[in-house]
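Only one structure is covered here, and it is reproduced in the block below.
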Amino acid sequence: AMAAGIRVDALRPRWDFPGAFYFVGTVVSTIGFGMTTPATVAGKLFLIIYGLFGCAGTILFFNLFLERIISLLAFIMRACYERQLQRSGLLPPNFRRGSAVSGVGSLVGWKPSVYHVMLILGIFAITLSCCASAMYTAVEGWNYVDSLYYCFVTFSTIGFGDLVSNQKATYQHQGLYRFGNFMFILLGVCCIYSLFNVISIVIKQILNWVLKKFECRCCPKCHKSSTRLSRRNAITPGARLRRHNVTAEAEGQYDSDTEGRRLSGEMISMRELTASNKVSLAILQKQLSETANGYPRNVCINTRQNGFSAGVGALAIMNNRLAETSDSR
């Protein structure tokens with residue numbers, strides 16, 4: 001190529017141990033610059049298998065890093081909040097976390113704001129990118145804007161491949177530069193990943209707020225669906241109407257409060273439901289008994305003489321109570 005007049009950059013050997021380690025890092029972090037790729041069939045098959053488990057493990061590592069960084073930020077912000085409360089006099093000066101005083105109303109259920117977490121992660125990401133860009137400008141010879149562009153493309157795992165660090169054959173302080181390059185990429189990818197997750201939460205909150213503002217309250221269909229979702233139970237008024245009409249004399253007088261709440265769809269207890277329908281349940285049991293035995297059932301006060309006297313446990317208790325109800329009728 002050089003004899004033909006084609007310019008060839010002096011690149012370091014790509015498949016030595018540092019080059020292979022760099023390639024593995026770009027694979028599992030899903031950056032994929034494309035400067036180093038497998039050429040054989042065995043290498044491509046190995047990359048498929050290794051990338052499947054390697055990318056999954058890296059995503060797990062990113063999630064654990066996100067959890068730890070959020071816990072650390074929450075701890076620091078809570079400590080600052082407690083100090084602010086102590087200065088304002090809302091907490092005693094000898095306050096200690098975990099003591100009996102920790103149950104004060106100002107700290108119960110306290111959580112850091114997602115906007116504060118996003119702001120802290122954003123400042124840290126910008127600071128990290130500026131420091132890494134200064135190193136790349138000094139070592140790689142890029143201008144500062146190209147270095148910032150490379151940091152964003154790399155840290156966000158976009159990886160276009162137009163600018164790739166650590167590709168020359170030799171560097172001044174090469175070992176130190178490789179270590180710094182590895183640490184900047186590792187911290188940058190973890191930080192940007194955490195920042196993207198927090199930004200997605202903020203975007204979700206903004207979209208929910210916008211949809212709530214533009215909610216169609218004029219359309220009866222939308223209003224009906226929102227009313228159903230706002231209920232605490234799944235009981236629909238009129239969904240469980242009786243198939244057969246029973247006369248008012250047989251049913252008796254229902255409790256107005258219980259019946260009104262039942263028909264409105266509000267949750268009622270099993271005791272109230274049984275109390276409001278005890279006469280209907282007694283009539284139903286009597287009809288079932290007559291159908292099973294083939295003759296009308298004579299109910300006595302003595303519960304042992306009913307048609308279901310052989311019942312035990314909860315069934316026997318229910319039969320006795322229904323028998324007393326039908327007898328009192």
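The values are calculated or read from the model by the stated rules, or taken from the named source; none is laboratory data. Values in this document were obtained by computation on a predicted structure and should not be read as measured data. As a convention, Cβ positions derive from the backbone with ideal geometry for all residues, glycine included, and neighbour counts pool all protein chains shown. All accessible areas refer to the heavy atoms of the entire protein, side chains included, with ligands and DNA or RNA removed. Shrake-Rupley method; radii C 1.70, N 1.55, O 1.52, S 1.80 Å.
Quick notes
- One residue from 48, 59 being open to solvent by less than 100 Å² (accessible area, probe 1.4 Å) and among the aliphatic types (A, V, I, L, M): 59
- Qualifying positions in the stretch 114-128 - open to solvent by less than 30 Å² (accessible area, probe 1.4 Å) and not aliphatic (A, V, I, L, M): 122
- Of 163, 91, all but one fail to be touching a Ser or Thr at 6+ places or on another chain (Cβ under 8 Å), at pLDDT below 95 and outside any helix (DSSP H, G or I); the exception is 91.
- Top-ranked residue of the stretch 62-79 - restricted to ones that are over 13 Å from residue 113 (Cα atoms) and without any contact (Cβ under 8 Å) to a residue 12 or more places away in the chain, ranked as least open to solvent (accessible area, probe 1.4 Å): 79
- Failed condition for residue 67, given (1) over 30 Å from residue 16 (Cβ atoms); (2) at pLDDT 90 or above: (2)
- Subset of the stretch 129-146 that is assigned to a helix (DSSP H, G or I) and of a type in the set (Phe, Trp, Tyr) - its residue that is most open to solvent (accessible area, probe 1.4 Å): 144
- Residues in the stretch 178-197 that are over 16 Å from residue 27 (Cβ atoms), open to solvent by 10 Å² or more (accessible area, probe 1.4 Å) and within 27 Å of the chain's Cα centre (by Cα): 6 in all.
- Pairing residues of the stretch 144-170 that are free of Cβ contacts under 8 Å to residues at least 60 places away in the same chain with residues that are charged (D, E, K, R) and open to solvent by less than 20 Å² (accessible area, probe 1.4 Å), at Cβ distances under 7 Å and at least 6 apart in sequence or on separate chains, gives 165/140.
- Restricting attention to the stretch 147-177, the residues that are open to solvent by 60 Å² or more (accessible area, probe 1.4 Å) and within 39 Å of the chain's Cα centre (by Cα) add up to 6.
- The condition of being small (Gly, Ala, Ser) and within 22 Å of residue 59 (Cβ to Cβ) holds for only one of 156, 165, 133, 147, that being 156.
- Qualifying residue in the stretch 14-27 (condition: at pLDDT 90 or above and open to solvent by 80 Å² or more (accessible area, probe 1.4 Å)): no
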